[in-house]
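See structure below.
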Amino acid sequence: MRKLSYIITLVVLFLSVNLVAQKSPHGADFKIDCSVCHSSKGWTLDKSVYSFNHNTTAFPLEAKHADVNCKGCHPTLVFSDAKAKTNCINCHNDMHEQTLGTDCSRCHTPKSWIVENVNAMHQKGRFPLVGKHATADCYACHKSVSLLRFDPLGIECYDCHKADYDKTTNPNHVQGNISKNCADCHMASRFGWSGANINHSFFPLTGGHAITDCSKCHANGNYANTPKECDGCHHANYVATTNPNHIQTGFPTSCTDCHTTNPGWKPADFSSHDSKFFPIYSGKHNGQWNSCTDCHTNPSNYALFSCTDCHAHSNQANVNGQHDGVGGYIYNSNACYQCHPQGSKLGGFNHNNSSFPLTGAHITTPCSSCHVTSYAGTTTVCSDCHISNYNQATNPNHVTAGIPLLCSTCHTTNPGWKPASYPNHNAVFALTGGHATVDCETCHKGNYATTPNTCAACHITNYNQTTNPNHITLNLSTDCASCHTNTPGWKPATFAVHNNYYVLQGAHLTVACNTCHTNGYPNTPNTCYGCHATNYNQTTNPNHTTAQFPTDCAACHSQNNWTATTYNHDNQYFPIYSGKHNGKWTLC
């Protein structure tokens, strides 16, 4: 009877153990070994054996999370229930009531709920904190009943500072219809609204404008339509000026041409006269005049002036004798200083200011050599002057070769037309490698008009005589560039498009061509077995033939070598690279 009771007890224990195994408190799909968390001491978590690495999950345990009891996040102990709950909001109440979104990590870290970098966070938002805003109390802008709601606010200054705008009287912003874009005048980077904090960069206050009484310019409290041009405020000064009379002389109303912002408009300086009209503050005229009327003899019209009234060529007969072809010298003195800049003496014409700057041999050429009949209408086309040079050239013969008449394509203005170069040769045929040092005649043979630009056209003899490999027998392409560069001797040669036929990688990169191309180049096999059948048949560890291994060598081997195999035994047959067999065997 006692024996029977013992047997019944064992059966009950066996059934209860299997029942527990089938109804794991961690869920039916829980596959982690019990010994990772438990020991024979009992089913409670044994920290002395606990070895589960939570960092392998979608939620690594950091800072405060590392100290939380497992049941704090997994109350049911069915760990798979937490797979879709990796967001903070899944466990923590949203104290901000959805005013900041659900991504708590934007502000908080697992270390603490305290936000230590408010300013840095604000710099990434819609309203960076600068100036006085950087020290403002958060709740001064983010006002709410709970003090934890951060409802979106307007980011325009006026959204928060309407009261400041409305109550300001100096100037009265409302009456003056001043822009509600506060940044037009005030700088957020400063710590106040007035004084040096006013941004007047749209109209710099310098010289006589550096005043503190804004109403001097902004009359009647109108700040919206104040003119920015000088004449808008100073037209009365323009009209009243008599020395010289600005209206009679037709002076422009752009006051800055002569004046600065100095008080009293003085000193006036028409320094732009040099660049716009004629050099009177530089060159020989500097210091040679006392007032504008020295040259502008008609004060009622400053557009008129005269050179010949002061200079020797006031004698019309002399001018006519020395300046044939120069028109308008009496009635338009502009003609004088076009040839005599900076008050220079005879021959001072600055040709670089014309449409034909003088360089090279043209610098020393007498004027009369180009200006044969007159100065007006002289051609600037090379061939108009140098057509005889073109016709007489024999190396190469320009006429026979049909070379264009645009001399500057090959020549500079250096004496003797040398050195000559064809800078646009690369647009027709790039001269690189061995071609860079070849004499022109080697390719052109006196014919520059129809010289071929394909490799085979010039090098067909090299193609026909080549025996290693024999290009004709192998029917290799006559597109030489597919294997060769234009380096001297055609070497090194590379079959650049080999990858279009068979990709060379691993050990194949260093194999000599004739190792694979033993029977010529056209019929070389492109399968592993086609070249490596001997390796397949002679292999005994394991014996490929006996085991009837496939002849697709790439299924187990790479091109790097034969020994580092990649045969996926685990997925196709039995796990030997994982599980308990891993590292327990040396040979198949």
Of the residues in the range 121-138, those that are surrounded by fewer than 11 Cβ atoms within 10 Å (Cβ to Cβ) and in a helix (DSSP H, G or I) number 1
What are the residue pairs meeting all of these: first residue in the range 488-512, first residue touching a residue at least 12 places away in the same chain (Cβ under 8 Å), second residue surrounded by 11 or more Cβ atoms within 10 Å (Cβ to Cβ) and hydroxyl-bearing (S, T, Y), Cβ atoms under 7 Å, and 6 or more apart or on different chains? A496/S482; V497/S482; G506/S558
L504 passes all but one of (1) part of a helix (DSSP H, G or I); (2) within 42 Å of the chain's Cα centre (by Cα); which number fails? (1)
One residue from N177, N225, N220 being part of a helix (DSSP H, G or I) and either small (G, A, S) or more than 30 Å from W113 (Cα to Cα) (or both): N220
Return yes or no: is H259 open to solvent by less than 70 Å² (accessible area, probe 1.4 Å), part of a loop (DSSP other than H, G, I, E, B) and at pLDDT 80 or above? yes
For the subset of the range 280-306 comprising residues that are assigned to a helix (DSSP H, G or I) and over 16 Å from N243 (Cβ atoms), which member is modelled with the highest pLDDT? H285
Of all residues in the range 447-487, count the ones that are without any contact (Cβ under 8 Å) to a residue 24 or more places away in the chain and small (G, A, S). 3
If you check S105, S146, which single one turns out to be part of a helix (DSSP H, G or I) and polar (S, T, N, Q)? S105
Identify all residues within the range 158-190 that are modelled with pLDDT under 80, within 37 Å of the chain's Cα centre (by Cα) and either farther than 24 Å from V130 by Cα or open to solvent by 60 Å² or more (accessible area, probe 1.4 Å) (or both); write none if there are none. D184, S189, R190
So, first residue open to solvent by less than 60 Å² (accessible area, probe 1.4 Å) in the range 348-375, second residue part of a helix (DSSP H, G or I) and at pLDDT 80 or above, Cβ within less than 6 Å, six or more apart or across chains; the pairs are L358/H351; A361/P415
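The values are calculated or read from the model by the stated rules, or taken from the named source; none is laboratory data. Treat the numbers as computed from the prediction; the structure is a model and nothing was measured. Cβ sites come from the backbone with ideal geometry, for glycine too, and all protein chains shown count toward neighbours. Surface areas here come from the heavy atoms of the whole protein model, side chains and all, with no ligands, DNA or RNA. Shrake-Rupley method; radii C 1.70, N 1.55, O 1.52, S 1.80 Å.
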